[in-house]
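Undergrad: Take a look at this one; I'll ask things after.
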Amino acid sequence: NLASGMMAGITSPTRPWFRLSIAGFEDSAASPAVNVWLDEVRKRMMRVFQESNYYSAKATQFFDLVVFGTAPMLIYEDFDNVIRCYNPCAGEYYVASSPELKIDSFYREFVMTVKQVVQKWGIANCTESVQVGYRTGGAAWTREIKIAHSIEPNTGDFPENPKGWPYREVYWEWGSTDEKTLAINGFHESPANCPRWDLVSNDSYGRSPAMDALGDI
């Protein structure tokens, strides 16, 4: 009930739930033209949200937030729908805070099949083990590979560092003796959106109202 109420009250798919503004243009002579432009931008953003999986991912994020107190959602550019959102499962991710207590680092371990790994990153970027499995075909395509994923501030101390980007993202096959990475990307801002319900002191993970509720038993 709480998660659905937040979805309907904060980010309802059926009504405009945000407005855009530019500081300094509220009372200027250019305000009418600026307002028309901002309204068009808002309409286009709303259309992107509607035609992508944003709202379904947002519903999952609200549910995770009220249950676990921490609810990351990854938002990436997408060729077909402009954006594509992903909800990491509780238990597979780790987060860390900046000195300002904002989440600036995100790490996770998750599994993908051999076929999925090759389709996403290309066979040339995969380890020899995955390449052999893909060429074998059949049941080998469904073998699960543990993937490690990090998003963190780009401090410049990483091999093949994406220079000029405030954030870096790295994918690699967990536990592999091959030093090859699946992908290294750079971002102007972190693709990991990670709200937390309530914080205590220097905790990276939030606390939720569900933690004070009685269990079903």
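The values are calculated or read from the model by the stated rules, or taken from the named source; none is laboratory data. Keep in mind that this is a model prediction, so the values were computed, not measured. So basically every Cβ, Gly included, is an ideal-geometry build from the backbone, and we count neighbours across all protein chains shown. Just the protein is used for accessible areas: all its heavy atoms, side chains included, with ligands, DNA and RNA removed. Shrake-Rupley method; radii C 1.70, N 1.55, O 1.52, S 1.80 Å.
Undergrad: Return the sequence-ordered ³J(HN,Hα) values of the range 122-127 in whole Hz as given by the Karplus equation 6.51 cos²θ - 1.76 cosθ + 1.60 applied to θ = phi - 60°, using x for Gly and Pro.
TA: x, 5, 5, 8, 8, 6
Undergrad: Taking H as built 1.01 Å from N, whose amide H comes closer than 5 Å to the amide H of Val111, not counting residues under 5 places away?
TA: Residues meeting the criterion, in which the H sits 1.01 Å from N, are Ile147.
Undergrad: Show the residues, 5+ positions off or on another chain, whose built amide H is closer than 5 Å to the amide H of Asp78.
TA: When sequence neighbours closer than 5 places are left aside, the close amide H contacts are Ile83, Arg84.
Undergrad: Of the trypsin sites (Lys or Arg not before Pro) in the range 1-110, which ones lie in a loop per DSSP and count no more than 11 other C-beta atoms within 10 Å?
TA: Numbers: sites: Arg19, Arg42, Lys43, Arg44, Arg47, Lys58, Arg84, Lys102, Arg108; in loops: Arg19, Lys102.
Listed in order of number, the matching sites are Arg19, Lys102.
Undergrad: Here's something else I'd like to know. Using the alpha-carbon atoms, what tilt in degrees (0 to 90, nearest 10) does helix 54-68 show relative to the longest principal axis of the chain?
TA: 80 degrees
Undergrad: Here is a follow-up. For the chain, with all protein chains present and a 1.4 Å probe, just round the carbon and sulfur fraction of the accessible area to a whole percent.
TA: Values: 7270 of 13370 Å².
Answer for the chain is 54 percent, counting heavy atoms of protein chains only.
Undergrad: Can you give the Rg and Dmax of the range 100-217 based on its C-alpha atoms, in angstrom?
TA: Reported Rg and Dmax, both Å: 18.4, 53.
Undergrad: Roughly what percent of Cα-Cα pairs across the range 32-81 reach past 14 Å?
TA: That tail contains 64 percent of the Cα-Cα pairs.
Undergrad: Using the Cα centre of the chain as the reference point, and only Cβ charges (+1 on K/R, -1 on D/E), how large is the resulting charge dipole? Debye, rounded to the nearest 20. Present the calculation step by step, with values, prior to reporting the outcome.
TA: Working: 20 positive and 27 negative charges, 122 e Å.
With only Lys, Arg, Asp and Glu charged at Cβ, the dipole is about 580 debye.
Undergrad: Tabulate in residue order the Karplus-calculated ³J(HN,Hα) for the range 6-18, using 6.51 cos²θ - 1.76 cosθ + 1.60 with θ = phi - 60°, rounded to whole Hz; enter x for Gly and Pro.
TA: So the J values, rounded to whole Hz, are 5, 4, 6, x, 10, 10, 5, x, 9, 8, x, 10, 8.
Undergrad: Additional query: HN-Hα J couplings of the range 104-114 from phi, Karplus 6.51/-1.76/1.60, θ = phi - 60°, integer Hz, Gly and Pro as x?
TA: Here the 3J(HN,Hα) series is 10, 9, 9, 9, 7, 10, 8, 10, 9, 6, 4 Hz.
Undergrad: Let me confirm the definition first: pairs of Lys residues in the chain, 8 or more apart or on different chains, C-alpha distance under 25 Å. How many are there?
TA: Here the count comes out as 11.
Undergrad: Same structure again: Out of the range 7-62, which GluC sites (Glu not before Pro) are coil in DSSP terms and have no more than 14 other C-beta atoms within 10 Å? Each step should come with its number before you reach the end.
TA: On the way: sites: Glu26, Glu40, Glu51; in loops: Glu26.
Here the GluC sites (Glu not before Pro) that fit, given the DSSP loop and packing criteria, are Glu26.
Undergrad: In addition: Counting pairs of alpha carbon atoms under 8 Å apart in space and at least six apart in sequence, what relative contact order in percent does the range 62-117 give? Display every interim value, and only then the final one.
TA: Numbers: 49 pairs, mean separation 11.2, N = 56.
Value for the range 62-117: 20 percent.
Undergrad: Roughly how many Å² is the accessible area per residue of the chain, as a whole number, for a 1.4 Å probe? Can you show the working numbers first?
TA: Values: 13370 Å² over 217 residues.
Dividing the accessible area of the chain by its residue count gives 62 Å².
Undergrad: Extent of the range 2-107 along each principal axis, from alpha carbon coordinates, in Å, largest to smallest?
TA: The principal-axis extents, from largest down, are 52, 35, 32 Å.
Undergrad: Please report the net charge: other residues with Cβ closer than 9 Å to the Cβ of Glu152, K and R +1, D and E -1.
TA: So the environment of Glu152 carries a net charge of -1.
Undergrad: Would you mind checking which residues have amide H under 5 Å from Asn154's amide H? H placed 1.01 Å from N; only 5 or more apart, or other chain.
TA: Tyr167, Arg168
Undergrad: What is the pair-distance distribution P(r) of the chain, computed from all Cα-Cα distances in 5 Å bins starting at 0, with each bin given as a whole percent?
TA: 1, 6, 11, 13, 15, 16, 14, 11, 7, 4, 2, 1, 0, 0
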